[in-house]
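Student: A single structure is presented below for examination.
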Amino acid sequence: MRNYESIREWIKNLKKIVFVTGAGISQESGIPTFRGKDGLWRNYDAMKLATIDAFYENPKIVWEWYSERRRNIISALPNMGHRAIAELEKYAEVVVLTQNIDGLHQKSGSTKVLELHGSILKIKCTVCNYRDEILTEFTENPPNCKCGNILRPEVVWFGEQLPQDVWQEAIIHVNQCDLMIVAGTSLVVSPANILPTYAKQNNAFLVEINPEDTEMSLEMDLVIRDTSANALPKILSLFKEN
Ligand code: BV8
Ligand code: ZN
């Protein structure tokens, strides 16, 4: 628990915690990360698949890739890490800024989740403003919208801008937080990887939870080299003892 002592100080008069999470926090729910040894990118070149060009060039391949991932995600359950974040709402204002598209933070009970990269459980029209939830439908090809154009997953692809309203709101939360916990992300993907820098500029206490080094480990006030399913319940217990 030596690692966690320095947070104990911060907890006393802490008001707002912002989490920045990535694929690593869902790894223990059986959802592969992108760049890890079990990474999605091992079998697919996500840089090629998770792009609007790939979708227009080969909608069937990209649609099938998302359907395969969605099938796994729908049966996935939140793990101890997700649940600890949700329970922390009893002790402070908690905002989750996630790069994940799996909906597991919401499934675990977190009430303030901003999906920076969209959601695999939602679809939208490539042309008109039709959008909807999609859970069980696994058609071969992307379905057509009533307007006649094809539908796509409502996720942010490489080269696409993040939803501006979500991004603006995320920045406001980051500028107001006392503690930022960065869990399960390699901080490789921009612009999400700039959020810890904004928090640091606003004197937040920065904690990284990751079994491996990241691009920003040296800027952190505390680095916890552990999995999120182990570390987050320990952080929750500090709040309970407080
Ligand atoms: C934009 C949704 C501009 C889809 C995703 C060169 C060429 C092309 C583009 C770029 C380039 N250089 C920079 C760019 C920009 C690009 C980018 O950052 N590329 C990277 C690869 C260099 N970014 C973009 O294109 C963004 N848009 O910049 O737009 C713009 C501006 C104006 C107008 C128009 C355009 C859009 C980025 C969003 C892309 N979409 N996902 C989908 O999921 O299919 S990104 C994808 O990567 C996921 O969202 C994922 O979450 C995210 C980040 O990865 P991580 O979550 O960090 O996952 P990773 O596997 O990397 O790491 C896992 C970590 O967990 C590891 O550190 C591991 O150690 C740790 N871990 C493992 N197990 C555990 C654990 N931690 C805790 N517990 C465990 N048990
Ligand atoms: Zn349409």
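The values are calculated or read from the model by the stated rules, or taken from the named source; none is laboratory data. All of these numbers come straight from a predicted model, not from anything done at the bench. Cβ coordinates were reconstructed from backbone atoms using ideal geometry, including for glycine residues, and neighbour counts include every protein chain displayed.
Student: I'm checking my understanding of the structure. Among residues of the range 44-77 that are among the aromatic types (F, W, Y) and either within 16 Å of G159 (Cα to Cα) or modelled with pLDDT of 90 or more (or both), which one is surrounded by the fewest Cβ atoms within 10 Å (Cβ to Cβ)? Reasoning before the result, please.
Tutor: Going residue by residue through the range 44-77, those that are among the aromatic types (F, W, Y) are 44, 55-56, 63, 65-66.
Now restrict to residues that are either within 16 Å of G159 (Cα to Cα) or modelled with pLDDT of 90 or more (or both): 55-56, 63, 66.
Numbers: F55: 22, Y56: 12, W63: 22, Y66: 22.
Going through the qualifying residues, I end up with Y56.
Student: Inside the range 82-188, counting only strands (runs of 3 or more DSSP E) that do not spill past its ends, which hold 3 or more residues that are closer than 21 Å to F19 by Cβ? Reasoning before the result, please.
Tutor: Values: elements: 93-98, 113-115, 118-125, 131-133, 151-155, 179-183.
The qualifying strands (runs of 3 or more DSSP E) are 93-98, 113-115, 118-125, 179-183.
Student: Could you tell me which residue of the range 130-157 is nearest to E68 (Cα to Cα), considering only residues that are touching a Ser or Thr at 6+ places or on another chain (Cβ under 6 Å) and near ligand 2 (Cβ under 10 Å from one of its atoms)?
Tutor: Among them, the one singled out is I150.
Student: So, E93, is that one in the same structural domain as L206 (by TED's automatic domain parsing), more than 15 Å from ligand 1 (Cβ to nearest atom) and touching a residue at least 12 places away in the same chain (Cβ under 8 Å) or not?
Tutor: yes
Student: Related question: Every residue in the range 172-202 that is of a type in the set (G, A, S) and more than 11 Å from ligand 1 (Cβ to nearest atom), please. So that I can check it myself, show each step before the final result.
Tutor: Quick first cut of the range 172-202, residues of a type in the set (G, A, S) only: 183-184, 186, 190, 192, 199.
Selection gives A199 alone.
Student: Please enumerate the residues belonging to the range 193-218 that are in a helix (DSSP H, G or I) and loosely packed, with under 15 Cβ neighbours inside 10 Å.
Tutor: First pass over the range 193-218, keeping only residues in a helix (DSSP H, G or I): 193-201, 217-218.
Of everything in the range 193-218, those that are in a helix (DSSP H, G or I) and loosely packed, with under 15 Cβ neighbours inside 10 Å turn out to be I194, T197, Q201, S217, L218.
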